[in-house]
Amino acid sequence: APISYLECLPSKNIRGILIEGLSSWFTIPQDTLDRIERIISNIHNASLLIDDIEDGSPLRRGRPAVYRVFGRAQTINSANFLWVTTTEEAFHFNKNSQEVVIGL
């Protein structure tokens, strides 16, 4: 629920727009582009969940921060879940994406 709540908050989607630019500069299959966008979005969302707790931010995108709605523990668990699933997806993507995500 914390992840869904965060994803429903209004966003400018700058990362998504930049990733779409990749398809105009390079020939990238749509499924690969979708995977790249999902990985980057999950990393960004995980960092937002933790950042709001660390900063004590009351709001995110004009609405109550996730931890204020769902509590710190559930928000931290959700951020960890995003990191784990993103790392797993990167491992099944290709060797280069593994190195980017886990810094090998």
| request: First select every other residue whose beta carbon is under 11 angstrom from the beta carbon of PRO58; then total the charges, Lys and Arg +1, Asp and Glu -1. | output: +1
| field | Selection of trypsin sites (Lys or Arg not before Pro), region 2-58, meeting DSSP coil and at most 12 other Cβ within 10 Å | value | LYS12
| Any idea of VAL69's accessible area? Nearest 10 Å², probe 1.4 Å. | 70
| request: At a 1.4 Å probe radius, which order do ILE53, ILE40 fall into by accessible area, largest first? | output: ILE40, ILE53
| Over the chain, what is the relative contact order in whole percent, taking alpha-carbon pairs under 8 Å and six or more residues apart? | 27
| note | In nm, the gap between the two label points placed 7 Å beyond Cα toward Cβ at LYS95 and LEU9 is 3.9
| task | Heavy atoms only, probe 1.4 Å: what % of the accessible area of the chain goes to carbon and sulfur, would you let me know? | result | 57
| note | Of all C-alpha pairs within the chain, those more than 20 angstrom apart amount in percent to 44
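The values are calculated or read from the model by the stated rules, or taken from the named source; none is laboratory data. Please read all numbers here as calculations on a predicted model, not as lab measurements. Reconstructed Cβ throughout: ideal geometry from the backbone, glycine too, with neighbour counts over all protein chains shown. Side chains included, ligands, DNA and RNA excluded: accessible areas come from the protein's heavy atoms. Shrake-Rupley method; radii C 1.70, N 1.55, O 1.52, S 1.80 Å.
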